[in-house]
Amino acid sequence: MKDWWENLGERERQLLSIGVLVLVLLMGYVFVVEPLQNEIKTATAERDAKTALLHKLESVAAEADALRAQQIEQGQLPEGAVLQTVIEESAEAAGLKERISTVSPDGADAVRLSMKAAQYDSALLWLVTLRQQYGVRVASIDAARGGEAGTADIEVTVTAR
């Protein structure tokens, strides 16, 4: 190889040296610089996406805080109303009266009731409605899967504030 190099003319050696230098620079660009640029572009895009997500989450958190601050006051039982009567009337209005097998007082401000084969979603919505309209809280609840899809046998104790 050394003999071959020495047999080349001065001009050929310069041209070959410049070609090797250009090849090394080109390979350096292709194997080092270009992958680094791609990584920078990818990292920048990920950062921008995460920044946008952060701003979205901050706005949602602010909206949630505002909604919590404006939370509607829970209702109260009408003056002189009996909790058991309110439960029975609201269950009838919700279409659950025929599913309630027992309603019995459980202390001064509590009522225990049992529902058989009640639509689970409807029963939970009814309990939420009791909370919103009358301030009735669920003290305990026990639900077991009913015989049909979407139904449950439910034992619940509710209390007035």
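For the stretch 100-142, residues that are in a helix (DSSP H, G or I), surrounded by 13 or more Cβ atoms within 10 Å (Cβ to Cβ) and free of Cβ contacts under 8 Å to residues at least 24 places away in the same chain total 1. On the given criteria, is ILE87 at pLDDT below 90, under 30 Å from VAL138 (Cβ atoms) and loosely packed, with under 15 Cβ neighbours inside 10 Å? Spelling it out, it is not the case that ILE87 is at pLDDT below 90, under 30 Å from VAL138 (Cβ atoms) and loosely packed, with under 15 Cβ neighbours inside 10 Å. The residue that is surrounded by the fewest Cβ atoms within 10 Å (Cβ to Cβ), among those in the stretch 143-161 that are modelled with pLDDT under 90 and either among the acidic types (Asp, Glu) or on the phi > 0 side of the Ramachandran plot (or both), is GLU148.
Could you please give the count of residues in the stretch 124-155 that are under 20 Å from GLN84 (Cα atoms) and not hydrophobic (A, V, I, L, M, F, W, C)?
From the stretch 124-155, those under 20 Å from GLN84 (Cα atoms) are 124-142, 153-155; that's our starting set.
Filter once more, so that each one left must be not hydrophobic (A, V, I, L, M, F, W, C): 129, 131-135, 137, 140, 142, 153, 155.
Count: 11.
Among the residues of the stretch 6-20, some residue qualifies, meaning at least one is assigned to a loop (DSSP other than H, G, I, E, B) and surrounded by 10 or more Cβ atoms within 10 Å (Cβ to Cβ).
The values are calculated or read from the model by the stated rules, or taken from the named source; none is laboratory data. Keep in mind that what you see is a predicted model, and the values were worked out from it rather than measured. So basically every Cβ, Gly included, is an ideal-geometry build from the backbone, and we count neighbours across all protein chains shown.
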